[in-house]
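Accompanying notes for the structure given below.
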């Protein structure tokens, strides 16, 4: 029998109501708090999620993409199966522009660049991912330094993933020597303890609405 080498005790944040950033007849965009699963997990104790909370109010809501449990920020849900297919197609075509904000250890040099490192699941240590130049799937992240804080030797960075691999931003920043603070999977104990949570937030979305054809641009302020 296989066991999870990184068991996590799930303590979802209190349900204080959905934080709706955008709502129309086709879709809704929610601001997910850190610590809440995007979709229900395995076991009765992991049924509370953003998707289940949304479906309690909007039964037709369908999952289009996911954020890591520890990541906060913008998440799109479709209202009905047809819109779910259309939005998923936009993600597959990389037609939805995503921006994230993160606080990382150290100061990236150069201050902006593109990370192209293929990723694969680290099966003996799942759910961790790792760089693998032979078997990994292509993964591309653009980063930009926004501010450096010498007193804490940390930097605020903007991240723009061009692909959507699992843990992509976390592993890419680790790979260039600037792990995201508070990361329970990839940071060393001292860097993990520098923040009460993973300092990663999905802060902006830009896409063409599949039904109306209008450009949609949404923002969420990072809570850190």
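All of the numbers you see were taken from the coordinates with simple rules; none came from a lab. Since the model is a prediction, treat every value here as computed from it, not as a measurement. Here the Cβ is made from the backbone with ideal geometry for all residues, glycine too, and neighbour counts use every protein chain on show.
Before we move on, is residue 145 part of a strand (DSSP E or B) and surrounded by 16 or more Cβ atoms within 10 Å (Cβ to Cβ)? Judged against the criteria, residue 145 is a match.
A quick yes/no check of all residues on (1) in a strand (DSSP E or B); (2) surrounded by 15 or more Cβ atoms within 10 Å (Cβ to Cβ); (3) without any contact (Cβ under 8 Å) to a residue 40 or more places away in the chain:
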position	(1), (2), (3)
65	no, yes, no
74	yes, yes, no
85	no, no, yes
88	no, yes, yes
103	yes, yes, no
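If we keep just the residues of segment 121-142 that are in contact with a strand residue (DSSP E or B) (Cβ under 7 Å, 6 or more places away or on another chain) and not in a loop (DSSP other than H, G, I, E, B), which is surrounded by the fewest Cβ atoms within 10 Å (Cβ to Cβ)? Filtering segment 121-142 for residues that are in contact with a strand residue (DSSP E or B) (Cβ under 7 Å, 6 or more places away or on another chain) and not in a loop (DSSP other than H, G, I, E, B), the one surrounded by the fewest Cβ atoms within 10 Å (Cβ to Cβ) comes out as 137.
For segment 20-54, taking the residues that are in a loop (DSSP other than H, G, I, E, B) and more than 17 Å from the chain's Cα centre (by Cα), the one that is nearest to residue 223 (Cα to Cα) is identified as 48. Among the residues of segment 163-178, those that are crowded, with 16+ Cβ neighbours inside 10 Å and within 15 Å of the chain's Cα centre (by Cα) comprise 165, 166, 167, 168, 169, 170, 171, 172, 173.
Just to be sure, is residue 201 part of a loop (DSSP other than H, G, I, E, B) and out of contact with any helix residue (DSSP H, G or I) (no Cβ under 9 Å at 6 or more places or on another chain)?
No: the conditions fail for residue 201.
Within segment 183-190, not a single residue is touching a residue at least 12 places away in the same chain (Cβ under 8 Å) and out of contact with any helix residue (DSSP H, G or I) (no Cβ under 9 Å at 6 or more places or on another chain).
State which residue is nearest to the chain's Cα centre (by Cα) when the search covers only segment 211-223 and only residues that are surrounded by fewer than 18 Cβ atoms within 10 Å (Cβ to Cβ) and in a loop (DSSP other than H, G, I, E, B).
Among them, the one singled out is 222.
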